[in-house]
1. So PHE203 ticks every box in (1) out of contact with any Cys (no Cβ under 7 Å at 6 or more places or on another chain); (2) assigned to a loop (DSSP other than H, G, I, E, B); (3) not small (Gly, Ala, Ser) but one. Which box is left unticked?
2. Restricting attention to the range 237-254, does a residue exist that is out of contact with any His (no Cβ under 9 Å at 6 or more places or on another chain) and assigned to a helix (DSSP H, G or I)?
3. Looking at the range 55-73, which of its residues are touching a helix residue (DSSP H, G or I) at 6+ places or on another chain (Cβ under 9 Å) and either on the phi > 0 side of the Ramachandran plot or not hydroxyl-bearing (Ser, Thr, Tyr) (or both)?
4. Would you check if there is a residue in the range 110-118 being out of contact with any helix residue (DSSP H, G or I) (no Cβ under 6 Å at 6 or more places or on another chain) and free of Cβ contacts under 8 Å to residues at least 24 places away in the same chain?
5. Of the residues ALA232, ALA238, ALA253, which single one is of a type in the set (Gly, Ala, Ser), touching an Asp or Glu at 6+ places or on another chain (Cβ under 6 Å) and touching a residue at least 40 places away in the same chain (Cβ under 8 Å)?
6. Going by the conditions given, is PHE109 in contact with a Lys or Arg (Cβ under 9 Å, 6 or more places away or on another chain) and closer than 17 Å to ILE39 by Cα?
7. Which members of the range 218-236 meet the condition of being part of a loop (DSSP other than H, G, I, E, B) and among the aliphatic types (A, V, I, L, M)?
8. I'd like to know if the range 218-241 contains one or more residues that are surrounded by fewer than 17 Cβ atoms within 10 Å (Cβ to Cβ), at pLDDT 85 or above, among the aliphatic types (A, V, I, L, M) and farther than 24 Å from GLY70 by Cα.
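The values are calculated or read from the model by the stated rules, or taken from the named source; none is laboratory data. Since the structure is predicted, the reported quantities are computational estimates derived from the model, not experimental observations. Neighbour counts run over all protein chains shown; Cβ positions are idealised from the backbone, glycine included.
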Amino acid sequence: MSKLVRPSLINPDMKHLCLLLTLALAAFFAHAQAPTPAIHIEFTPEALGKLQAKYPDGNRFFSFIEGRNGRPAVQFTPLVESESTVSFNVIQIPNRPSMMFTDAATFDFWARIDKAQGHDGLVKFKTQRGWLATLLGKSSDRAGIDFTVHALNVDDTFAPGYVSFNLNLALVGCIRNDKLTDIKVGDWFRVTWVFDKKRGIFFYINQQNYMKCYASRPDFTQMNTQDLFFGANGGRYAPITGSIQDVMIYQRALTEQEIKDLP
């Protein structure tokens, strides 16, 4: 007696089409649900002009370049004459509501260190241990916060971090992921800082968690009064020899999953 085999209602070609449609819809909704920044800073003269950015004519000591994946970037190139004589410039973006925070904030951007050098604590320019350079600062001479990189040793490796002039932004009770490797000069890397009054302060490198500080409770009072600086901090200290692109600022704390899913 022959066995009755029920024919499939969907042929193989239709199954393949359904799979492609499902993947396309998943990608569409993932993109549609991507977080929207309060401000996206692109480094072209036109984009900076719309933000009323201030920088010297002639772009001396910095230039607009093609960065990662062909995106516009800015490259800072200080002129070092001696350890006590360094010429550099900054790009300054006036403070505005989209750069002020109430309960939480997220800073996300790409950066590249083009030469391992920066200021030390005695305002001398160093190329080995002890140097500090500013990726961006929302600061003045003694108020606000700077996102920095600092030297680890003499073989051109360094680690991102930040310097706060406000004790309420100090890192407390931090757990560090030591599995992440140090960053090398010439490599693009992604920096994401999350500040949350309820949960703490969290730091990501290349969308992987680098540091969790659950006991820290950020206060945005000083930061909210400061302009945004690139090339050095607001006190004209710790200039960077490197490049920055696509600065995204959010007025909320992105979750770890949202950070992993950022395009």
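1. Failed condition: (2).
2. Going through the range 237-254, the residues out of contact with any His (no Cβ under 9 Å at 6 or more places or on another chain) turn out to be 240-245, 250-254.
Still in the running and assigned to a helix (DSSP H, G or I): none.
No, the range 237-254 has no match at all.
3. Quick first cut of the range 55-73, residues touching a helix residue (DSSP H, G or I) at 6+ places or on another chain (Cβ under 9 Å) only: 55, 59, 64, 72.
If the condition is that a residue be touching a helix residue (DSSP H, G or I) at 6+ places or on another chain (Cβ under 9 Å) and either on the phi > 0 side of the Ramachandran plot or not hydroxyl-bearing (Ser, Thr, Tyr) (or both), then ASN59, PHE64, PRO72 are the ones that fit.
4. The initial filter retains those residues of the range 110-118 that are out of contact with any helix residue (DSSP H, G or I) (no Cβ under 6 Å at 6 or more places or on another chain), namely 111-118.
Okay, now just the ones that are also free of Cβ contacts under 8 Å to residues at least 24 places away in the same chain, so none.
No - not one qualifying residue is present in the range 110-118.
5. On the way: ALA232 fails: touching an Asp or Glu at 6+ places or on another chain (Cβ under 6 Å); ALA238 fails: touching an Asp or Glu at 6+ places or on another chain (Cβ under 6 Å).
That would be ALA253, the only listed residue that is of a type in the set (Gly, Ala, Ser), touching an Asp or Glu at 6+ places or on another chain (Cβ under 6 Å) and touching a residue at least 40 places away in the same chain (Cβ under 8 Å).
6. Numbers: in contact with a Lys or Arg (Cβ under 9 Å, 6 or more places away or on another chain): yes; closer than 17 Å to ILE39 by Cα: yes.
In short, yes.
7. Here is the first cut: in the range 218-236, the residues part of a loop (DSSP other than H, G, I, E, B) are 218-222, 226-227, 231-236.
ALA232 - this is the single residue of the range 218-236 that is part of a loop (DSSP other than H, G, I, E, B) and among the aliphatic types (A, V, I, L, M).
8. Within the range 218-241, not a single residue is surrounded by fewer than 17 Cβ atoms within 10 Å (Cβ to Cβ), at pLDDT 85 or above, among the aliphatic types (A, V, I, L, M) and farther than 24 Å from GLY70 by Cα.
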